[in-house]
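Participant: Shown below is the structure under consideration.
The values are calculated or read from the model by the stated rules, or taken from the named source; none is laboratory data. Values in this document were obtained by computation on a predicted structure and should not be read as measured data. Every residue, glycine among them, receives a Cβ derived from its backbone with ideal geometry; neighbour counts consider all protein chains shown. The protein model used for the area step is the full one, side chains on, heavy atoms only, and it has no ligands, DNA or RNA in it. Shrake-Rupley method; radii C 1.70, N 1.55, O 1.52, S 1.80 Å.
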Amino acid sequence: MAAEPLPLQGMSDVAAPEVCLWQHLESTARRVFSLYDLDEVRTPVLERLEVFQRALGEATDVVQKEMYAFEDRGGRRVALRPEGTAGVMRHLAGAGDRGADARLYYWGPMFRAERPQAGRRRQFHQVGVELLGPARPAADAECIALQVHLLREWGLDGFSVHVNTRGEPGDQLAVSRGLQSVLEARRGEAWCDDCRRRMDANPLRVLDCKQEACRALADQLPPVSSWMSAAAREYLDEVLRLLEGLGVRVAAAPRLIRGLDYYQHTIWEITHSALGAQDALSGGGRYGIQMGGRQLEGVGFAIGIERVVLALTGLGVQPESFRPPPTAWLVTAGRGLEADALALAQTLRSRGIACGANLSGRNIKAQMRAADRARAPWVVLLGETEKSRGVVVLKNMATGEQAEVAPDDLVVRLLASAPSA
Ligand code: HAM
């Protein structure tokens, strides 16, 4: 049976013109990251399962329900990465002293076996940042400001930054107990079955439920910080003060909890109104992760690229506008000119002039249509007569003017008109 020409459900090809927008997002991100003294890290998409279990927490939905985990041919338990932080920590745990204050970014595919819908894919892409170092409000504020800077450089506005705290590691028990007691008193309300189970096993997760009804009920609970130490609340206040000083507008989100267990202190999520149900563009926070016998501390975030593309196209951005047209389009009139056309196209390209050409022997009309579609400002016409006289015809597609030019002049004229690369 012939294979279906489709990717697996929840996974997509990214092709032109959309891929042009992706390339723009990636190059802009690299430029912004260079302003913040970040290095790129590329970790494997496949890791030992325990890397994720240990870093994200065994009880999280991502680890329990969403991972592509399997045994490889050697009987090792491995998983496709559902996010980037765990692999980066695995890398840094083995990187000696460098690990303690690394400033890294990554870009790549992640995998979660979720029910696909708009903005929720099984293979999706994240760009992420991890700034290693001990807990300091200034580091958290820098990380949030960097992320907002990047979103603005991408041309996004209309997003909201929701900030909260997970408290100090020592606060976790008090929060869990406090939440459990208020939930116990409200057990009779319309919570989903999952939430009823979470009330006993992991009450914090009740705040993270995606069900509308549970969200509405959770909004009536006291802020989680009410069970935290004064130091944790002051830490958050200082982050908010620093952000205000930087002119970064954020909203306090007293019941935001985030779905991963490695967080402590500042956590945040960025939503966008153009996204509908899956409205989180990005999430991040400060974390402490035990890996390879080391305790790694840092702050970071990851942005979902598919969601950024959805938000930007929702705002009217045209992906094709990020594909620069070729400077010239070579049109060949007459048979037996392939070798000459190929040589001319190569000469132009080797001089840095982007040149499209259709060398498959189509008629002139079809070739002119192709030049038009490609939005090439110039057409270079090569026919028998021109060949015999050692010239080509150069046509300005905007004005319709055309003139005969010698090949050397052609390069000079096209270089003068080409937008600087
Ligand atoms: P996260 O909130 O799980 O955080 O994911 C970050 C972003 O990835 C989400 O806000 C969303 O835009 C995108 N995303 C997640 N799942 C999907 C999906 N199934 N389809 C499409 N997009 C998706 C993390 O992954 C943390 N590692 C962030 C972090 C880095 N925290 C500290 N450092």
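Participant: Separation between the residue 234 and residue 201 pseudo-spin-labels, each 7 Å from Cα along Cα→Cβ, expressed in nm?
Facilitator: Spacing of the two 7 Å Cα→Cβ label points: 3.8 nm.
Participant: A further question follows. Given DSSP loops and a limit of at most 16 other Cβ atoms within 10 Å, what is the longest stretch of the chain that contains no such chymotrypsin sites (Phe, Trp or Tyr not before Pro)?
Facilitator: Within the chain, the longest run free of exposed chymotrypsin sites (Phe, Trp or Tyr not before Pro) spans 69-421.
Participant: Using a Förster radius of 41 Å, what is the FRET efficiency between residue 399 and residue 36 based on their Cβ-Cβ separation? Nearest 0.05, please.
Facilitator: For R0 = 41 Å, the calculated efficiency reads 0.35.
Participant: Identify which of 247, 284, 108 has the largest mean-square fluctuation in a Gaussian network model of the chain, with springs joining Cα atoms closer than 10 Å.
Facilitator: 247
Participant: Scale the Cα Rg of the stretch 1-77 by the rule-of-thumb value 2.2 N^0.38 Å and send over the ratio, two decimals.
Facilitator: Here the Cα radius of gyration is 1.56 times the empirical estimate.
Participant: I've got another one for you. Compute the Rg to Rh ratio over the stretch 170-324 from the alpha carbon atoms, using the Kirkwood formula for Rh, and round to two decimal places.
Facilitator: Here the Rg-to-Rh quotient is 1.02.
Participant: Here's something else I'd like to know. Counting only Cα, what are the radius of gyration and maximum Cα-Cα distance Dmax of the stretch 191-259, in Å?
Facilitator: Over the stretch 191-259's Cα set, Rg and Dmax evaluate to 14.5, 44 Å.
Participant: Now for a different question. Hey, what's the per residue convex hull volume over the C-alpha atoms of the stretch 84-212, in cubic angstrom?
Facilitator: 177 Å³
Participant: How big is the charge dipole of the stretch 344-410 about its Cα centre, in debye rounded to the nearest 20, if each Lys and Arg gets +1 on its Cβ and each Asp and Glu gets -1 on its Cβ?
Facilitator: That gives a dipole near 380 debye.
Participant: Please give the per residue accessible area of the stretch 1-157, computed with a probe of 1.4 Å over protein heavy atoms only, in Å².
Facilitator: 51 Å²
Participant: Sticking with this structure for a sec: Could you give the length gained on full extension between residue 339 and residue 280, defined as 0.36 nm per residue of separation minus the Cα-Cα distance, in nm?
Facilitator: 15.9 nm
Participant: Residue-wise, which Karplus ³J(HN,Hα) couplings in Hz belong to the stretch 114-129, taking 6.51 cos²θ - 1.76 cosθ + 1.60, θ = phi - 60°, and x for glycine or proline?
Facilitator: In residue order, the calculated couplings are 9, 6, x, 7, 4, x, 10, 10, 8, 10, 9, 10, 10, 10, x, 10 Hz.
Participant: In addition: In whole angstrom, note down how far apart the Cα centers of the stretch 1-41 and the stretch 169-219 are.
Facilitator: Centre-to-centre (Cα) distance: 37 Å.
Participant: Continuing with the same structure: If 162, 272 are ordered by their accessible area, calculated over protein heavy atoms with a 1.4 Å probe, which sequence runs from highest to lowest?
Facilitator: The ordering from most to least exposed comes out as 162, 272.
Participant: Dividing the alpha-carbon Rg of the stretch 229-316 by 2.2 N^0.38 Å yields what?
Facilitator: 1.27
Participant: With a bin width of 5 angstrom, please list the P(r) values of the stretch 335-396 as percents of all Cα-Cα pairs, from the 0 bin to the one holding the largest distance.
Facilitator: Final binned percentages: 4, 16, 28, 31, 17, 4.
Participant: Turning to a different aspect of this structure: For residue 13 and residue 26 in one chain, what is 0.36 nm times their gap in residues minus the Cα-Cα distance, to one decimal in nm?
Facilitator: The span from residue 13 to residue 26 would gain 3.0 nm if fully extended.
Participant: Continuing with the same structure: GNM, the chain, Cα, under 10 Å: largest mean-square fluctuation among 335, 205, 307?
Facilitator: Greatest mean-square fluctuation among the candidates belongs to 335.
Participant: Taking only pairs that are 8 or more places apart or on different chains, how many Lys pairs in the chain have Cα atoms under 28 angstrom apart?
Facilitator: Lysine pairs satisfying the spacing and distance rule in the chain number 4.
Participant: Give the range of the longest stretch in the chain that excludes all GluC sites (Glu not before Pro) found in loop regions by DSSP and having at most 11 other beta-carbon atoms within 10 Å.
Facilitator: 59-400
Participant: To the nearest 20 debye, what is the magnitude of the charge dipole of the stretch 176-320 about its Cα centre, counting +1 on the Cβ of each Lys and Arg and -1 on the Cβ of each Asp and Glu?
Facilitator: I would put it at about 320 debye.
Participant: I've got another one for you. Once fully extended, how much extra length lies between residue 294 and residue 189, figured as 0.36 nm per residue of separation less the alpha-carbon to alpha-carbon distance?
Facilitator: Length gained, residue 294 through residue 189: 33.5 nm.
Participant: Could you work out which residue, out of 69, 55, 230, moves most in a Gaussian network model of the chain, that is, has the largest mean-square fluctuation with Cα springs under 10 Å?
Facilitator: 230
Participant: What FRET efficiency comes out for the pair residue 373/residue 66, r = Cβ-Cβ distance, R0 = 56 Å, nearest 0.05?
Facilitator: According to the calculation, E is roughly 0.85.
Participant: Add +1 for every Lys or Arg and -1 for every Asp or Glu among the other residues with Cβ under 15 Å from the Cβ of residue 231, and state the total.
Facilitator: Spelling it out: positives minus negatives among the neighbours equals -2.
Participant: So, how do all the Cα-to-Cα distances of the stretch 124-184 break down into 5 Å bins, in percent, from 0 on up?
Facilitator: 3, 12, 16, 19, 15, 12, 12, 9, 2, 0
Participant: Can you give me the Rg/Rh ratio for the chain, using Cα atoms for both radii and the Kirkwood formula for Rh?
Facilitator: Taking Rh as the inverse mean 1/r over Cα pairs, Rg/Rh reads 1.11.
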